[in-house]
Amino acid sequence: MERAVHDRGGWQTDAAIDRREHELADWEVLMDSIVGTLGQSGVMNVDELRRGIESMPRAEYETASYYERWLYSVETILAEKGVLASGELDARLGT
Amino acid sequence: MRYGPGQTVRVAARRHEGHHRTPAYLKGKRGTVERVHARFRNPETHAYGLDGLPEQPLYLVRFEQEDVWGEYPGIAGDRLYADVFEHWLEEAE
């Protein structure tokens, strides 16, 4: 049975587990609070958050950090719901 | 609730495209119901803009590590516990 990229319990790997502590950057704390606020206000639930993360292309998923995956999902789900226009974030960032 | 504590169950081995909470490593594996948690909205529809109703019973299921991995190099008697929704469980001997 082929697995989705996130469904990795029991995958064999020779890579060492990175046990270093990670200090959160400001944007990561903000990302967490945005998801909390979206949930409390009924805009987006945690199942949608997870579904959005699971929709990431495999290569992007593999290289993205924890909160980068959240950001990808929030942008995807909010665009899908019409809360954000497609490309709106990029336009505001001038990228 | 279809199952109760102590009952032997098997996790359905079926494929499911889209969001679901049943990990691949448990599909087709046999375990024992440890306890019934409660009913919760179904993430398989709740993840797609629907209300997730009707709520589905969620169970805490206990697995012997040998039953999950086949060969298990850890301590004999080690167990693994996972939350599994009722529609992913089947009766087993």
(request) May I ask you to verify whether A:Tyr61 is away from chain B (no Cβ under 12 Å), among the hydroxyl-bearing types (Ser, Thr, Tyr) and under 21 Å from B:Thr22 (Cα atoms)? (result) yes
(request) Test B:Glu17 against the criterion of being farther than 14 Å from B:Asp83 by Cα and facing another protein chain (nearest Cβ under 10 Å), and give yes or no. (result) yes
(request) Please tell me if A:Thr37 is among the polar types (S, T, N, Q), surrounded by fewer than 14 Cβ atoms within 10 Å (Cβ to Cβ) and not in a helix (DSSP H, G or I). (result) no
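Here's the yes/no breakdown for (1) in contact with a Lys or Arg (Cβ under 9 Å, 6 or more places away or on another chain); (2) away from chain B (no Cβ under 13 Å):
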residue	(1), (2)
A:Arg19	no, yes
A:Trp27	no, yes
A:Met31	no, yes
A:Leu38	no, yes
A:Asp47	yes, no
A:Gly52	yes, no
A:Ser55	no, no
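Here's the yes/no breakdown for (1) under 13 Å from the mean Cα position of the chain (by Cα); (2) under 20 Å from B:Ala82 (Cβ atoms):
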| position | (1), (2) |
| --- | --- |
| A:Asp7 | no, yes |
| A:Arg19 | no, no |
| A:Val35 | yes, no |
| A:Gly42 | no, no |
| A:Leu49 | yes, no |
| A:Met56 | yes, no |
| A:Thr63 | yes, no |
(request) Check A:Arg20 against each of (1) surrounded by 13 or more Cβ atoms within 10 Å (Cβ to Cβ); (2) more than 26 Å from B:His16 (Cβ to Cβ); (3) not small (Gly, Ala, Ser) and name the one condition it does not meet. (result) (1)
(request) Just need a number here: residues in segment A:62-76 that are touching a residue at least 24 places away in the same chain (Cβ under 8 Å), more than 17 Å from B:Gly49 (Cα to Cα) and of a type in the set (Val, Ile, Thr). (result) 0
(message) Return the pair list, or none, for Cβ contacts closer than 6 Å from residues in segment A:43-61 that are farther than 16 Å from A:Lys81 by Cα to residues that are modelled with pLDDT under 95, at least 6 apart or on different chains.
(response) A:Glu54/A:Ala4; A:Glu54/A:His6; A:Arg58/A:Val5; A:Tyr61/A:Val5
(message) Looking at the structure I just gave you, is A:Ala79 surrounded by fewer than 11 Cβ atoms within 10 Å (Cβ to Cβ), without any contact (Cβ under 8 Å) to a residue 24 or more places away in the chain, assigned to a helix (DSSP H, G or I) and among the aliphatic types (A, V, I, L, M)?
(response) no
(message) Please go through segment B:21-55 and give me each residue that is in a loop (DSSP other than H, G, I, E, B) and touching a residue at least 60 places away in the same chain (Cβ under 8 Å), ordered by number.
(response) B:Arg21, B:Thr22
(request) Taking the options B:Glu93, B:Glu17, B:Glu86, name whichever one is surrounded by 14 or more Cβ atoms within 10 Å (Cβ to Cβ) and of a type outside the set (S, T, N, Q). (result) B:Glu86
(request) Keeping to segment B:56-85, report how many residues are within 12 Å of chain A (Cβ to nearest Cβ) and either assigned to a helix (DSSP H, G or I) or of a type in the set (Lys, Arg) (or both). (result) 3
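The values are calculated or read from the model by the stated rules, or taken from the named source; none is laboratory data. All of these numbers come straight from a predicted model, not from anything done at the bench. Ideal geometry is used to build each Cβ from the backbone, glycine not excepted, and the neighbour counts take in all protein chains shown.
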